[in-house]
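Down below is the structure, laid out as structure tokens.
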Amino acid sequence: MRRRAFLLVAAVAWTLLAGCGERVPPLPRLDGNAVVLAFGDSLTYGTGASTPESYPAVLERLIGRKVVAAGVPGEVSATGLERLSEALEQTQPKLLILCHGGNDFLRKLPETQAAANVRAMVKLARDKGVEVVLVGVPKLGLTGSPAGFYAEIAQEFRIPYDGDVLKTVLTDNALKSDWVHPNAKGYARIAASLAELLKRAKAI
């Protein structure tokens, strides 16, 4: 119980600090030939916009590094975990941007299961020497806040975390194509937020 309470307090502090633009864990600088793997579900695929308007495509233009989009619409985190190792092997990225778990929430799968799978994906990448940036995915509900485990995992692994951008986008109808997907403006907002996070982490 004490460890759980500590992690919750640390996660809240982590989220507040991230929101204030402070204490972003540093990342190694990405050289011009570095590959970034954007891994996730429909939010990474770019459902609701054209391929050039997806967040990985926009992010590639913003940071001047190759960003490989590996999003599979409808995928749950368990399937993502099964897929990640091969994606890492094929692309040999220096950095993984992980945005996963939304379909677990939509299908009302156990949150503990999503947390375990996301944690395992982060660990898998780190064990292979790949740096990770984590994006918090909102749960169903009026507040649009990410599940608490994202901040806990970011704190546990000391990795950069964006827990705000999807909440901002998915609670603004002007930035959405439907009730769960951004439009082109929404994806541009996501890309800009991640580019800024990478700058604060000294990766670019």
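Just one of Tyr150, Tyr187, Tyr161 is of a type in the set (Ser, Thr, Tyr) and either over 23 Å from Leu95 (Cα atoms) or touching a Ser or Thr at 6+ places or on another chain (Cβ under 6 Å) (or both); which is it? If you could, list the steps in order and put the result at the bottom.
Values: Tyr150 fails: either over 23 Å from Leu95 (Cα atoms) or touching a Ser or Thr at 6+ places or on another chain (Cβ under 6 Å) (or both); Tyr161 fails: either over 23 Å from Leu95 (Cα atoms) or touching a Ser or Thr at 6+ places or on another chain (Cβ under 6 Å) (or both).
Of Tyr150, Tyr187, Tyr161, the one residue that is of a type in the set (Ser, Thr, Tyr) and either over 23 Å from Leu95 (Cα atoms) or touching a Ser or Thr at 6+ places or on another chain (Cβ under 6 Å) (or both) is Tyr187.
Residues of segment 104-129 being aliphatic (A, V, I, L, M), over 29 Å from Ile204 (Cβ atoms) and either touching a residue at least 40 places away in the same chain (Cβ under 8 Å) or touching a Leu at 6+ places or on another chain (Cβ under 6 Å) (or both), which ones? Before you say what the answer is, go through the steps one by one.
Quick first cut of segment 104-129, residues aliphatic (A, V, I, L, M) only: 106, 109, 114-116, 118, 120-122, 124-125.
Filter again for over 29 Å from Ile204 (Cβ atoms), leaving 106, 109, 114-116.
Of everything in segment 104-129, just one residue is aliphatic (A, V, I, L, M), over 29 Å from Ile204 (Cβ atoms) and either touching a residue at least 40 places away in the same chain (Cβ under 8 Å) or touching a Leu at 6+ places or on another chain (Cβ under 6 Å) (or both), namely Leu106.
Gly101: in contact with a Cys (Cβ under 9 Å, 6 or more places away or on another chain) and in contact (Cβ under 8 Å) with a residue 12 or more places away in the chain, yes or no?
Against the criterion (in contact with a Cys (Cβ under 9 Å, 6 or more places away or on another chain) and in contact (Cβ under 8 Å) with a residue 12 or more places away in the chain), Gly101 does not qualify.
Please specify each residue of segment 72-98 satisfying the condition of being in contact (Cβ under 8 Å) with a residue 24 or more places away in the chain, farther than 25 Å from Asp164 by Cβ and among the hydroxyl-bearing types (Ser, Thr, Tyr).
Once the filter is applied, which keeps residues that are in contact (Cβ under 8 Å) with a residue 24 or more places away in the chain, farther than 25 Å from Asp164 by Cβ and among the hydroxyl-bearing types (Ser, Thr, Tyr), segment 72-98 yields Ser85, Thr91.
In segment 58-79, how many are surrounded by fewer than 21 Cβ atoms within 10 Å (Cβ to Cβ), touching a strand residue (DSSP E or B) at 6+ places or on another chain (Cβ under 7 Å) and of a type outside the set (D, E, K, R)?
Counting residues in segment 58-79 that are surrounded by fewer than 21 Cβ atoms within 10 Å (Cβ to Cβ), touching a strand residue (DSSP E or B) at 6+ places or on another chain (Cβ under 7 Å) and of a type outside the set (D, E, K, R) gives 2.
Inspect all residues belonging to segment 24-33 and state whether any of them is touching a Gly at 6+ places or on another chain (Cβ under 8 Å) and either at pLDDT 95 or above or farther than 18 Å from Val130 by Cβ (or both). Walk me through it before giving the result.
Residues of segment 24-33 that are touching a Gly at 6+ places or on another chain (Cβ under 8 Å), as a first pass: 32.
Filter again for either at pLDDT 95 or above or farther than 18 Å from Val130 by Cβ (or both), leaving 32.
Yes: segment 24-33 contains one or more residues that are touching a Gly at 6+ places or on another chain (Cβ under 8 Å) and either at pLDDT 95 or above or farther than 18 Å from Val130 by Cβ (or both).
The values are calculated or read from the model by the stated rules, or taken from the named source; none is laboratory data. Note that the structure is a prediction, hence the values are computed from the model and not measured. Because the Cβ atoms are built from the backbone with ideal geometry, glycine has one as well, and the counts that use them run over all protein chains shown.
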